[in-house]
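One structure is given here, and the rest of the page talks about it.
What follows draws every value from the coordinates through simple rules; no lab data is involved. The structure displayed is predicted, hence computed values, not measured ones. Quick reminder, even Gly has a Cβ in these numbers, built from the backbone with ideal geometry, and neighbours come from all protein chains shown.
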Amino acid sequence: MSTKKSGGYAYPKNAVQWWKIAEDNWIVIEPVLERFLNKKEFKSARSAKETKDPTIITLLETIYEKAPDSIVDENLPGWTPICDLINEAHVLNPHHIENILI
């Protein structure tokens with residue numbers, strides 16, 4: 001896997017970098033959250049982002065499951081960061097080696 005994403009950010013190696021990508025891309029992620037989550041889930045996602053709560057992954061996965069396959073054709077700006085954050089969620093594990101070294 002390449003260490004550099006076409007979106008201009010590197011794949012995260014630890015939780016700090018994962019949350020930085022989430023924060024830096026929140027402006028394009030939030031409309032996707034609002035579109036596919038109910039109000040309670042949306043509020044939970046915002047809260048999880050603010051408190052850096054790893055349960056945000058469950059909400060991102062919910063979006064991934066709810067979104068139709070045609071979502072890729074819509075070219076939503078927040079879709080790629082959401083998929084990347086889901087794929088790299090393993091770095092949020094407190095036992096992930098890079099998190100131990102921080």
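Mean-square fluctuations from a GNM of the chain, with a 10 angstrom spring cutoff on Cα atoms, peak among 37, 85, 76 at 76. The value of relative contact order for the chain, using C-alpha pairs under 8 Å at least six residues apart, is 37 percent.
Couplings 3J(HN,Hα) of the range 15-31, computed from phi: 5, 4, 5, 4, 5, 5, 4, 4, 5, 5, 9, 4, 4, 9, 6, 4, x Hz, in residue order, whole Hz [Karplus 6.51 cos²θ - 1.76 cosθ + 1.60, θ = phi - 60°; x for Gly and Pro].
Counting neighbouring beta carbons within 10 Å and listing from fewest to most, the residues 24, 69, 84 come out as 69, 24, 84. Within the chain, all pairs of alpha-carbon atoms sorted by distance into 10 Å bins from zero give the percentages 15, 50, 30, 5, 0.
With a 10 Å Cβ neighbour count serving as the proxy for reagent exposure, in which order, fewest first, do 36, 42 appear? Don't skip to the end; give the middle numbers.
Numbers: 36 20, 42 16.
Sorted ascending by nearby Cβ count, the order is 42, 36.
Taken one residue at a time, the phi angles of the range 39-47 give Karplus couplings (6.51, -1.76, 1.60, θ = phi - 60°) of 4, 5, 5, 4, 4, 4, 5, 4, 5 Hz. Gly and Pro are set to x.
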